[in-house]
Amino acid sequence: MIIDFHTHTFPSKIAGRAITTLAGNSHTKAFLDGTDESLAASMKQSGIDCSVILPVATSDAQIVSINDSAERLQEVRRKSGLISFGAMHPDFEDWKNELLHLKNTGIKGIKLHPVYQNVDLDDIRMLRIYDRCAELGLMVVLHAGFDVGFPGVDRCAPSRSLHALRELAFPSRNSRQNGFRFILAHMGGWHQWDEVLRLAPEFLEAGPVLLDTAFSCGSFTSEGKYWKPSETRMLDSQQFMAIVRAFGTERILFATDSPWSDQEESLKWMRSLPLTKEELDAILGENARKLLEPRNQSPTS
C-alpha cells in the first residue's frame, strides 16, 4: 500500500482562486487544479492508494466550516482513497471542545501552519493544542522550517519543535499507546535540514515525533525572481538519506504536498533511493497505515 500523508485540496467552487492566489504568493507551480477529483486522478495514475488531505485554517473563523466539511465528506472521500484531517487555529476560542468533536467523529488528526497562522510553533497557544491532542490521541501535523511563500520568517525552526516536545513531557502520557504523534512536515524543517540532522538525537529522546517527506526532495519551480536558482534546491539523495538514517525509517512518512509537487515524480524519486524493500515499503505506506488504522476507543468527554 502507498499512502501520501500530506496533500491539499479545496472546495470546487474556490479551488481555482485558491490555487492562483497561493501560487502567486509563493511564485511556485501547482501540478493539479486543487480539487478532490484531480487528486484522485493523480493517485490513480501514480499508483497511490490513499492520500491524506491537510486543511489549513488561516483564521479562527474558518475552523467550523473546514471541520464540518471534513466530517461530512468522510464517506465520499474514502471511496476515492482520500482521508481528511481537521484544522485548528490558535485563536479559536472553543479549541478544547472542537478537538474532542473531531476525535468523536473519526477524524485522525489536525494540521497546523504557524507561519500562515502568525504564531510561533512553541507559543503557549499552540502548546495547549498539542497537549489536548496528546490527551485525545489526535495526530498533529505541523508545517516545519521556513515556508516557500514567506522567505526568512522563522516561526517553525527545528529548535522550536524540540522545545514544544520537551514542554509537553510526552513519556508520562503514554502517548504511543493512545495514537498521538507529532509529525513534522518537510523532513523536519524546510531549508533548515542541517539543524534537523544536528538535533536528531534530541528529537528521538523527546517524544513520538515523525517526519514527512513533503516538498523536500529534488528541486522546485520558482516563477519570476522570488527565489534564486541556487535557493530552489532541496534535499539531494545523500542529505535525505542522512536524515532517514538519523531518525530511522520507522519515523518517515511518504508525502508530496500535492498539488505543489507531482505525485508520480515524487514516488519515482523515492524509489531511486538506497533503501531495502522493507525500508521502502515502510516509508511509502506501512508506517502511515499503522497510524491510520482504526482504534478501539474514542474519548467522548
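The values are calculated or read from the model by the stated rules, or taken from the named source; none is laboratory data. Just so it is clear, the model here is predicted, and its values are computed rather than measured. No Cβ is skipped: glycine too gets one built from the backbone with ideal geometry, and neighbour counts run over all protein chains shown.
Here are the numbers:
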item: Candidates Lys111, Lys96 - the one that is at pLDDT 95 or above, charged (D, E, K, R) and touching a strand residue (DSSP E or B) at 6+ places or on another chain (Cβ under 6 Å); result: Lys111
item: Among residues of the stretch 7-16, those that are in a loop (DSSP other than H, G, I, E, B) and closer than 21 Å to Thr213 by Cα, counted; result: 2
item: Condition met for Ile3 (more than 14 Å from Trp260 (Cβ to Cβ), crowded, with 20+ Cβ neighbours inside 10 Å and of a type outside the set (D, E, K, R)); result: yes
item: Single residue of the stretch 44-57 satisfying the filter (touching a helix residue (DSSP H, G or I) at 6+ places or on another chain (Cβ under 7 Å) and buried (at least 19 other Cβ atoms within 10 Å of the Cβ)) that is nearest to His6 (Cα to Cα); result: Ser51
item: Any hit, the stretch 195-212, residues being surrounded by 20 or more Cβ atoms within 10 Å (Cβ to Cβ), within 19 Å of the chain's Cα centre (by Cα), modelled with pLDDT of 95 or more and within 25 Å of Asp33 (Cβ to Cβ); result: yes
item: Number of the condition not met by Ser80 [criteria: (1) farther than 20 Å from Gly285 by Cβ; (2) out of contact with any Ser or Thr (no Cβ under 8 Å at 6 or more places or on another chain)]; result: (1)
item: So Asp60, is it surrounded by fewer than 18 Cβ atoms within 10 Å (Cβ to Cβ), among the charged types (D, E, K, R), modelled with pLDDT of 95 or more and in contact with a His (Cβ under 8 Å, 6 or more places away or on another chain); result: yes
item: Elements of type helices (runs of 4 or more DSSP H) in the stretch 33-151, at least 2 residues being among the polar types (S, T, N, Q) and either without any contact (Cβ under 8 Å) to a residue 12 or more places away in the chain or more than 20 Å from Ser12 (Cα to Cα) (or both); result: 36-46, 95-104
item: So Ile19, is it assigned to a helix (DSSP H, G or I), within 19 Å of the chain's Cα centre (by Cα) and more than 30 Å from Leu136 (Cβ to Cβ); result: yes
item: Residue satisfying all of: in the stretch 179-194; under 20 Å from Asp131 (Cβ atoms) and assigned to a strand (DSSP E or B); modelled with the lowest pLDDT among these; result: Phe182
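For every residue, the table says whether it meets (1) within 28 Å of Glu265 (Cβ to Cβ); (2) touching a Lys or Arg at 6+ places or on another chain (Cβ under 6 Å); (3) surrounded by 15 or more Cβ atoms within 10 Å (Cβ to Cβ).
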residue	(1), (2), (3)
Thr9	yes, no, yes
Thr28	yes, no, yes
Ala40	yes, no, yes
Asp68	no, no, no
Pro90	no, yes, yes
